[in-house]
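Okay, so here's the structure we're looking at.
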Amino acid sequence: MADQNIARLLAQRSFTELGARERARALLDAGSFRELLDPFARLMSPWLPKQGIVPQADDGVVVAKGLIDGQPAVVIAIEGAFQGGSLGEVGGAKIAGALELAAEDNRKGTPTRAVLLLETGGVRLQEANLGLAAIAEIQAAIVELREFQPVIGLVAGPVGCFGGMSIAAGLCSYLLVTREARLGLNGPQVIEQEAGLDEYDSRDRPFIWSLTGGEQRHASGLVDGYVADDVEAIRRELHGLFAQGKPAQERSRRHAWFLQRLRDVDTSVQADAAAVRSAYQGA
């Protein structure tokens with residue numbers, strides 16, 4: 001039994017250790033990966049050099065078309081290692097444009113599905129309103145596409161998914177997380193800055209993950225799948241969710257239920273993991 005467990009662990013391939021391009025390639029069927037607007041297109045942010053920041057040739061966003069389980073798909077991966085995965089005008093336009101192209105494919109009879117690999121702190125502050133507008137376009141494109149095919153969001157790495165892109169994640173038909181992932185509207189440093197160290201210590205990693213980590217978000221019913229950090233395990237989970245088709249009710253359509261849960265929270269005491277789970281489970 002011990003030898004079997006060792007062999008199983010050695011056979012695993014970490015998904016979070018891969019870069020954005022390798023993640024997209026790993027999820028698409030072998031040999032079907034085709035990148036749109038790759039680094040050779042030199043589509044870079046015009047705003048970063050003005051502030052002394054070296055831009056990246058793909059602006060930290062990889063868009064690839066191919067097949068998932070034999071069906072047409074687009075995989076959009078944000079590179080968390082570049083500017084914290086933040087989105088600006090160019091990267092946001094790439095994501096929105098890819099989703100809009102998938103919706104157009106569906107209207108023309110090609111049932112194209114989408115996967116969003118979300119490693120992002122949200123809007124890129126250096127691009128301010130341009131980034132906010134881009135994220136709004138992404139959110140609108142998700143809502144449009146999910147009328148045709150499921151849109152699956154995946155938060156895998158410790159960068160997590162925050163800011164306006166956490167709203168985009170909530171709009172996805174299905175949402176997957178790993179144990180390493182985090183998901184929240186505001187990041188720990190932002191909350192600490194606004195509420196104070198006594199309320200939220202951004203250096204307390206066990207506390208942070210107990211509230212916004214992947215396991216907690218799954219237990220709270222805010223995401224649909226909790227999967228190991230393993231390429232094959234994630235591929236199997238994606239195939240299973242796509243096989244289910246569109247959900248009977250999108251999570252965003254349940255806004256009244258979620259708002260009632262929040263109204264029932266006792267804000268006079270510091271929340272802990274158990275209280276958060278209880279609140280969302282409706283107990």
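How far, in nm, would the chain grow between Ala228 and Leu259 when pulled straight, counting 0.36 nm per residue and subtracting the alpha carbon separation? Let's see the in-between values first.
Details: separation 31, 0.36 × 31 = 11.16 nm, distance 3.04 nm.
Between Ala228 and Leu259, full extension yields an extra 8.1 nm.
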*asked:* Here are a few candidate values for Cα extents along the principal axes in Å: [x] 56, 52, 41; [y] 82, 49, 28; [z] 65, 42, 33. Which one was actually calculated from the structure I just gave you?
replied: [x]
*Nearest-20 debye value, the chain charge dipole, Cβ charges on Lys, Arg, Asp, Glu*: 620 debye
*Please give the calculated 222 nm ellipticity per residue for the chain, where each DSSP H segment of at least 4 residues contributes -39500 (n - 2.57) and the sum is spread over every residue; nearest 500 deg cm²/dmol?*
-12500 deg cm²/dmol
*Which distance in nm do the two modelled labels at Ser252 and Ala271 give, with both placed 7 Å along the Cα-to-Cβ direction?*
2.1 nm
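Could you sort Phe40, Phe15 by their accessible area in this structure, using a 1.4 Å probe and putting the largest first? Write down the numbers at each step before the final one.
Numbers: Phe40 185, Phe15 0 Å².
Result, largest first: Phe40, Phe15.
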*asked:* Among Ser252, Ser86, Trp209, which residue has its Cα furthest toward the positive end of the charge dipole of region 13-253, with +1 on Lys/Arg Cβ and -1 on Asp/Glu Cβ?
replied: Ser252
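The values are calculated or read from the model by the stated rules, or taken from the named source; none is laboratory data. Predicted, not measured: the structure shown is a model, and the values here were computed from it. Cβ atoms come from the backbone with ideal geometry, glycine included; neighbour counts cover every protein chain shown. We work out accessible area using only protein heavy atoms, side chains counted, and drop any ligands, DNA or RNA first. Shrake-Rupley method; radii C 1.70, N 1.55, O 1.52, S 1.80 Å.
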